[in-house]
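Here is the structure we will look at, set down as structure tokens.
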Amino acid sequence: LSRAEVVSSEAEVEATGKQLQIAKTALVEARGRVEEQQRLADAAVTAIQSAKNDAGRLKETISATTCEIDRLIHDVDIHSKESKEATIKLAQMLESNAWIADERHHFGVANGPFDFGKRDPAEARRRVSQLSERRDKLSRTVNMRAMNMLGTAEEQYADLLRRREIVLADKRKIQAVIDDLDARKEQVLRAAYEKVNAEFSSIFSSLLPGTRAQLVPPEGQTILEGLQFRVAFGDTWKESLSELSGGQRSLVALALILALLLFKPAPIYILDEVDAALDLSHTQNIGQLIKNHFNNAQFIVVSLKDGMFNNANVLFKTKFVDGVSTVTRHTPSTSSSALASAALRSAKASDDMRPHQIGGRRKLAA
């Protein structure tokens with residue numbers, strides 16, 4: 001070959017070597033990029049596989065949850081149906097067993113006849129099943145006439161239950177009326193007690209100045225259970241009426257009677273020697289009390305004491321003349337009260353002037 005061709009070939013070889021080196025470098029770079037892409041592809045495949053696994057697990061969870069929801073919905077439907085059936089059955093039981101309404105408040109009470117907590121439902125069902133089987137066995141040999149009698153007895157029993165319900169309803173109505181009457185009675189009695197107690201205290205203080213008296217229920221009791229007297233002289237209360245004299249006890253009784261008369265007035269009153277056990281000052285107080293407190297009533301008073309006569313507006317005196325009782329009417333000039341009074345004197349001798357009978361009509365005070 002010529003020198004020029006050799007030089008040209010060497011130049012081509014050198015150029016080709018350079019291109020080869022460049023190609024090798026590009027190949028290395030391409031391989032690096034391929035390896036990086038392969039790594040990324042492997043990571044993506046791994047992520048995809050993990051996502052697929054997670055998706056599978058989620059699908060399984062969703063499927064299980066869906067099944068649980070379906071089961072719960074089914075249970076809810078069953079319970080709703082059972083609740084409706086139980087409600088209907090309860091209404092039927094209440095209608096066919098009237099005693100339930102009266103005994104229902106005992107249901108579930110511990111140690112009671114209806115303590116359901118101590119009774120096993122399974123045992124109860126087993127017992128019912130045994131009794132049903134026994135009933136079926138007995139029904140094969142039972143006397144038909146007895147069945148007819150049983151039917152009649154059941155009808156009678158049902159009729160008695162119906163009557164019992166009527167009686168219980170009437171009882172409840174009567175009890176309601178009794179409760180209402182008791183409430184009214186207590187209201188009226190309390191009003192009467194307050195009125196009579198106030199009048200009793202006022203009258204007794206008028207009959208026996210310097211004293212006080214009242215009607216109070218015994219300790220621990222109410223006015224519906226009873227009342228007792230309490231009397232005080234000054235600031236000292238007596239423990240019982242036995243500490244009072246006979247005349248003082250008479251004034252207590254008279255004050256109560258007059259207080260009752262003020263509470264429920266009458267057109268006429270008759271007092272027969274209510275001052276027999278009293279001294280003249282107390283008799284005078286009684287006369288003045290009648291004059292001041294009973295302005296619209298008529299009194300006929302039998303008395304043997306002047307303290308009563310002095311408060312009368314009409315006085316009748318009697319005396320025996322030759323064995324015959326003679327009555328004379330007097331109008332005392334000193335009497336300006338509204339009290340009607342008369343005196344009764346029993347004559348021990350034909351010429352003995354003693355009060356024998358008094359009577360008169362009250363005049364209204366001016």
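The values are calculated or read from the model by the stated rules, or taken from the named source; none is laboratory data. Keep in mind that this is a model prediction, so the values were computed, not measured. With ideal geometry, Cβ positions are generated from the backbone for all residues, glycine too; neighbour counts draw on all protein chains shown.
The combined condition, being surrounded by fewer than 18 Cβ atoms within 10 Å (Cβ to Cβ) and either assigned by the TED database to the domain that holds residue 213 or outside any loop (DSSP other than H, G, I, E, B) (or both), is fulfilled by residue 292. Of all the listed residues (197, 143, 111), the sole one being on the phi < 0 side of the Ramachandran plot and at pLDDT below 85 is 143. Annotation note: of 242, 281, the sole residue that is under 44 Å from the mean Cα position of the chain (by Cα) and farther than 24 Å from residue 191 by Cα is 242. Scanning the stretch 101-160 for residues that are charged (D, E, K, R), under 29 Å from residue 172 (Cα atoms) and assigned to a helix (DSSP H, G or I) yields 102, 103, 104, 154, 155, 159. Note on the stretch 206-230: residues that are out of contact with any Pro (no Cβ under 7 Å at 6 or more places or on another chain) and surrounded by 15 or more Cβ atoms within 10 Å (Cβ to Cβ) amount to 10. Within the stretch 207-261, the residues that satisfy the criterion of being without any contact (Cβ under 8 Å) to a residue 24 or more places away in the chain and part of a helix (DSSP H, G or I) are 241, 242, 243, 249, 253, 257. For residue 245, the stated conditions do not hold, so it cannot be described as among the hydroxyl-bearing types (Ser, Thr, Tyr), farther than 23 Å from residue 309 by Cβ and surrounded by 13 or more Cβ atoms within 10 Å (Cβ to Cβ). State all residues of the stretch 281-315 that are aromatic (Phe, Trp, Tyr) and within 22 Å of residue 265 (Cβ to Cβ); if no residue qualifies, say none. Answer for the stretch 281-315, where residues must be aromatic (Phe, Trp, Tyr) and within 22 Å of residue 265 (Cβ to Cβ): 294, 299. Within the stretch 264-282, being at pLDDT 80 or above and among the hydroxyl-bearing types (Ser, Thr, Tyr) holds for one residue alone: 269.
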